[in-house]
Amino acid sequence: MPVAVNTGVVDTEARLSSEKVVDMDPQIGLKETDNAQFMTILGKLPSTPASQVEVRWLEDQLFPNRSTLAASATSAATTLSVATGTGVYFRAGDIVYIEQTGEKAEVSAITNDDLTVTRSIGGVVAATAASGGGVLVVGNASRQGADTGTLKSTDRVLGYNYTQIFRKPFGFTGTDAEIALYGADDPEREAAKKRVEHKRELENALWVGGRDFVAASPSSIGYMGGVLEYLSTNVFTGFGALSLTGFDQRIQQILQDGDMNKVIFAAPTPARGLSHLFTSNWQQAENDDVLYGAKVSAWLNGAYGERLPVIVKREWGSYGTTGYGLGGAIFVLDLGNIKRRPVKNRDTKLLPNRQGNGEDKVVFDYLTEMSFELKNETTHGAFFGVTA
């Protein structure tokens, strides 16, 4: 066979393709990064190991001291009808403040949701009060030498959730695991990806997971309920374009209960709407502004008497905005009333050598078994369908 001869200088194209060293960046670029901020925060907050597949907690609250009128009351009326089911909030001897008129009245008896009262205690004369007006318990006036009166207290409420086993397996043939590749070795590179993917699935379940348990021994399965599973009081759907009036009224309701350890999580579109609404109170976060390890995107300053951190969920920007789509969602969470409950010795870990005996494979498995507590649902809230 004749020998190939090159006449003149040798340029790059005279080289065999297999002869060339490929100029390959050792770092492989990922389209998505770790955006599981809620999981990051929960990982920094106190947690309690779960010892059963069902985790339970107790909730309580201060005794209610306010209701509303269920019907109008004339200036001569001696009965005030309050909202259904709230008559139990009152005791004989309570002094109530009728918010519409400023009048005070004394409760002498309660029949279901009807209060028998003595009108015009103090200097404000009796006046007609319309249905829907507030009735506030100022305090109880006890007569000298009287007995204790009716004893009342709130009942505790049982909350519960189930542990869920989350798994993210991946593997390679024995040969593929050993050959030389550009970038990090394939098991190491894929393990880094799967860690982020696994954390993202945990995060999704924390927001919208459903609470359930199917007993089917020996293959029973638990489903961990997320935030939305527990919210009922402060869930606002079909919100449309944000307005100051609409948003103010509802977030003030959310901030009413609990402490002020609140955080706003918002999809990009709603977050942009908030920044436009609160131009004078919106402060872009600095690079070192973090909350329990999660990057804070902005601060809502002073609008509600406190500095509320806003964390933008960039990943939600590609999700739907209709119905309960996370692309149009804003969540307001009270961090003092949430807790992660990992099963002891089954918190997130990478398990090696998961391949079967005799298989020429290398198989790994990320595994987490955990549950989640959300207490006092009125201290949290959610907006859906925010489109502008």
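The values are calculated or read from the model by the stated rules, or taken from the named source; none is laboratory data. If you're wondering where the values come from, they're calculated on a predicted model, not measured in any experiment. Note: ideal-geometry Cβ built from the backbone for every residue, glycine included; neighbour counts use all protein chains shown.
Report yes if some residue within segment 260-272 is modelled with pLDDT under 85 and over 23 Å from residue 164 (Cα atoms); otherwise report no. Within segment 260-272 (the criterion being modelled with pLDDT under 85 and over 23 Å from residue 164 (Cα atoms)), the answer is yes, since at least one residue qualifies.
The residues on offer are 115, 69, 45, and the sole one that is hydrophobic (A, V, I, L, M, F, W, C) and within 27 Å of residue 335 (Cβ to Cβ) is 45.
Sub-8 Å Cβ pairs linking a first residue in segment 68-94 that is without any contact (Cβ under 8 Å) to a residue 40 or more places away in the chain to a second residue that is crowded, with 18+ Cβ neighbours inside 10 Å and of a type in the set (Asp, Glu), at least 6 apart or interchain, are 81/113; 83/113; 84/113; 85/113; 86/113; 87/113, ordered by first then second residue.
Taking the condition surrounded by fewer than 17 Cβ atoms within 10 Å (Cβ to Cβ), within 19 Å of residue 266 (Cα to Cα) and touching a residue at least 24 places away in the same chain (Cβ under 8 Å), does residue 388 pass? Judged against the criteria, residue 388 is a match. Annotation: residue 225 fulfils all but one of (1) more than 30 Å from residue 325 (Cβ to Cβ); (2) in contact (Cβ under 8 Å) with a residue 60 or more places away in the chain; the unmet one is (1). Here residue 162 clears all of (1) among the hydroxyl-bearing types (Ser, Thr, Tyr); (2) closer than 30 Å to residue 353 by Cβ; (3) not assigned by TED's automatic domain parsing to the domain that holds residue 338 except the condition numbered (3). The condition of being of a type in the set (Asp, Glu), in the same structural domain as residue 300 (by TED's automatic domain parsing) and closer than 30 Å to residue 368 by Cβ does not hold for residue 286.
Does residue 209 count as under 17 Å from the mean Cα position of the chain (by Cα), surrounded by 13 or more Cβ atoms within 10 Å (Cβ to Cβ) and within 24 Å of residue 42 (Cβ to Cβ)? When the stated conditions are applied, residue 209 passes them. Residues of segment 159-173 that are part of a strand (DSSP E or B) and at pLDDT 90 or above: 159, 160, 161, 162, 164, 165, 166, 167, 168, 169. In the set (1) in contact with a His (Cβ under 9 Å, 6 or more places away or on another chain); (2) closer than 30 Å to residue 376 by Cα, the condition left unmet by residue 111 is number (1).
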